[in-house]
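One structure below.
Just so you know, all these numbers are worked out from the coordinates, no wet-lab data involved. This structure is a prediction, so every number in the text was calculated from the model and none was measured. Cβ sites come from the backbone with ideal geometry, for glycine too, and all protein chains shown count toward neighbours.
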Amino acid sequence: MKVLIMGLRSAGKTSLVKHVFEGKEWEDVKDLKPTEFVHTVEYKYRGLLEVTIFDAGGQKQFIYSYFTDQWASRIFSKVGIFIWVLDSSDKNTFNESKNELKKALSYLQKYSPESRNFICASKYDKHVITLEELRRIFANWNIEEISATSIPLGVAREIICTILDGAMSPQVKLKVDQLQKFLIKFNKKESASATMVINKADGLEIASAVNVKRLFNPKLKYLSIKSFIEPLDKAKEIFIQKDDIDFAVWHVGTNFIILFDLTEQFALFSIIPERNFKIGDMLHRLQIIKDKIIQSLE
Ligand SMILES: Nc1nc2c(ncn2[C@@H]2O[C@H](COP(=O)(O)OP(=O)(O)OP(=O)(O)O)[C@@H](O)[C@H]2O)c(=O)[nH]1
Ligand SMILES: [Mg+2]
């Protein structure tokens with residue numbers, strides 16, 4: 001599915017892309033260079049949905065070229081999802097942004113009339129334009145939803161993920177449901193409080209089963225698990241780590257945390273309360289479920 005991301009220069013487009021699809025955090029995306037023309041990248045979002053991101057650089061000369069006959073049909077055709085990134089921290093560029101959005105929407109109407117169109121009010125941590133104002137201004141535009149995003153405040157991933165989750169096919173949803181049922185069983189067997197299968201590239205869950213809800217905030221579905229694992233690594237609270245089998249266990253508080261590599265792309269993450277943890281043939285048990293999980297994702 002083609003996802004076209006547009007907006008004026010420095011609106012925060014590339015930062016959003018790297019944050020969501022590469023699991024990068026605020027510190028990692030602070031110093032990006034301006035995007036030259038259109039940068040196209042393919043990702044497998046959550047390991048489930050193939051997306052081609054068209055990240056269209058927002059400098060004046062580039063925006064100008066998108067609306068020329070030479071480029072418009074290529075850029076605006078076959079778009080599944082269109083996201084206009086509008087810098088909510090800058091009143092000076094608001095009118096310019098609104099005008100360019102208007103042009104983009106008319107091209108979309110022509111080349112991709114079926115596209116679902118969204119606005120992200122970016123940099124909402126520094127906003128001078130409110131979401132309410134924006135919703136009022138764009139009320140009659142062909143925009144499905146206007147949402148506020150802020151990478152430093154951690155309210156960006158959830159917005160983009162919600163949009164993309166809405167594009168998953170019923171078949172994929174069924175696969176996720178089945179995997180979730182399997183993880184519920186695994187939790188019971190191992191007395192785990194939470195187990196997830198994670199897509200390593202973006203760090204997002206493919207499916208998860210949580211027994212103890214209070215362990216997590218309800219936003220788990222939108223959390224990049226990388227942010228969990230990296231601090232664990234730095235803390236060096238590693239209990240066992242065997243490089244050859246890509247299996248690590250950390251002893252944290254009253255829990256054991258397991259990270260087990262299923263494939264190049266997927267990993268299993270599980271939290272088992274100390275009192276229930278039996279290392280015994282854990283690796284053997286993990287090897288058995290590994291095949292089942294991989295099969296279910298094929
Ligand atoms: N405060 C704040 N700054 C942000 C946020 N997202 C991005 N930025 C900053 O905005 C600046 C521009 O970010 P980019 O992602 O490169 O912007 P862009 O829209 O890709 O810019 P072009 O490629 O030139 O079109 C960077 O300095 C980012 O750190 C945010 O949520 N909050
Ligand atoms: Mg960029």
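For the listed residue pairs K78/K181; K2/K123; K13/K173, the alpha carbons are over 30 angstrom apart in K78/K181. Shape call for segment 14-81 from the C-alpha gyration tensor, a ≥ b ≥ c root eigenvalues: rounded (a/c under 1.5), prolate (a/b greater than b/c) or oblate? The shape class here is oblate.
Within the set of other residues whose C-beta is less than 12 Å from the C-beta of E50, count the net charge using Lys and Arg as +1 and Asp and Glu as -1.
Working: positive: K2, K44, R46; negative: E42.
Surrounding charge for E50 is +2.
Over the chain, dividing the summed -39,500 (n - 2.57) contributions of all DSSP H runs of at least 4 residues by the number of residues returns a 222 nm mean residue ellipticity of -11000 deg cm²/dmol. Over segment 142-196, the Kirkwood radius and the radius of gyration, each from Cα atoms, give a ratio Rg/Rh of 1.15.
Would you mind getting me the FRET efficiency between K102 and E274? Use the beta-carbon distance for r and R0 = 45 Å, nearest 0.05. Intermediate values should be presented prior to the final figure.
Details: r = 59 Å, r/R0 = 1.30.
Efficiency, rounded to the nearest 0.05: 0.15.
Taking other C-beta atoms within 10 Å as the exposure proxy, I271, I198 rank I271, I198 from fewest upward.
Count charges around I146 for me, please; just the other residues with Cβ under 14 Å from its Cβ, Lys/Arg as +1, Asp/Glu as -1. Intermediate values should be presented prior to the final figure.
Details: positive: K98, R116, R135, R136; negative: D87, E132, E133, E144, E145.
It works out to a net charge of -1.
By DSSP, the beta bridges lying fully in segment 1-143 are antiparallel in about 35 percent of cases. Under 5 Å from the amide H of S122 lie the amide H atoms of L86, D87, S88, T149, each residue being 5 or more positions distant or on a separate chain, with H modelled from the backbone and absent for Pro and chain starts.
Counting other Cβ atoms within 10 Å as a rough exposure proxy, the listed residues R116, R46 run R116, R46 from fewest neighbours to most. Backbone geometry of segment 72-86 corresponds, through the Karplus equation with coefficients 6.51, -1.76 and 1.60 at θ = phi - 60°, to 3J(HN,Hα) couplings of 3, 5, 5, 6, 9, 8, 6, 7, x, 10, 10, 10, 9, 9, 10 Hz, x marking Gly and Pro.
Please give the contour-minus-distance gain from E145 to K33: 0.36 nm per residue of separation, less the Cα-Cα distance, rounded to one decimal in nm.
On the way: separation 112, 0.36 × 112 = 40.32 nm, distance 2.84 nm.
Here the segment from E145 to K33 would lengthen by 37.5 nm.
Among M196, M168, the order by Cβ neighbours within 10 angstrom, fewest to most, reads M168, M196.
Go through 272-284, 141-153 and give me the packing order, highest mean Cβ count within 10 Å leading.
Details: 272-284: 13.1, 141-153: 18.1.
Output ranking for 272-284, 141-153: 141-153, 272-284.
Amide hydrogen proximity for F266: with H placed 1.01 Å from N in the peptide plane, the residues at 5 or more positions away or on another chain lying under 5 Å are K200. For segment 2-165, the square roots of the Cα gyration tensor eigenvalues, ordered a ≥ b ≥ c, give a/c below 1.5, which places it in the rounded category.
Fully extending the segment from L220 to E298, taken as 0.36 nm per residue of separation minus the present Cα-Cα distance, adds 25.7 nm. Amide hydrogen proximity for F256: with H placed 1.01 Å from N in the peptide plane, the residues at 5 or more positions away or on another chain lying under 5 Å are I272, E274. Using a/c under 1.5 as the rounded threshold, could you call the chain rounded, prolate or oblate? The axes a ≥ b ≥ c are square roots of the C-alpha gyration tensor eigenvalues, and prolate needs a/b larger than b/c, oblate otherwise. Prolate. Based on C-alpha pairs under 8 angstrom that are at least 6 apart in sequence, the chain has a relative contact order of 15 percent. In a fully extended conformation the segment linking D261 and R136 would gain 40.2 nm over its present Cα-Cα distance, using 0.36 nm per residue.
With the simple spin-label model, which puts each label point 7 Å out from Cα in the Cβ direction, the Q70 to K185 separation comes to 5.9 nm.
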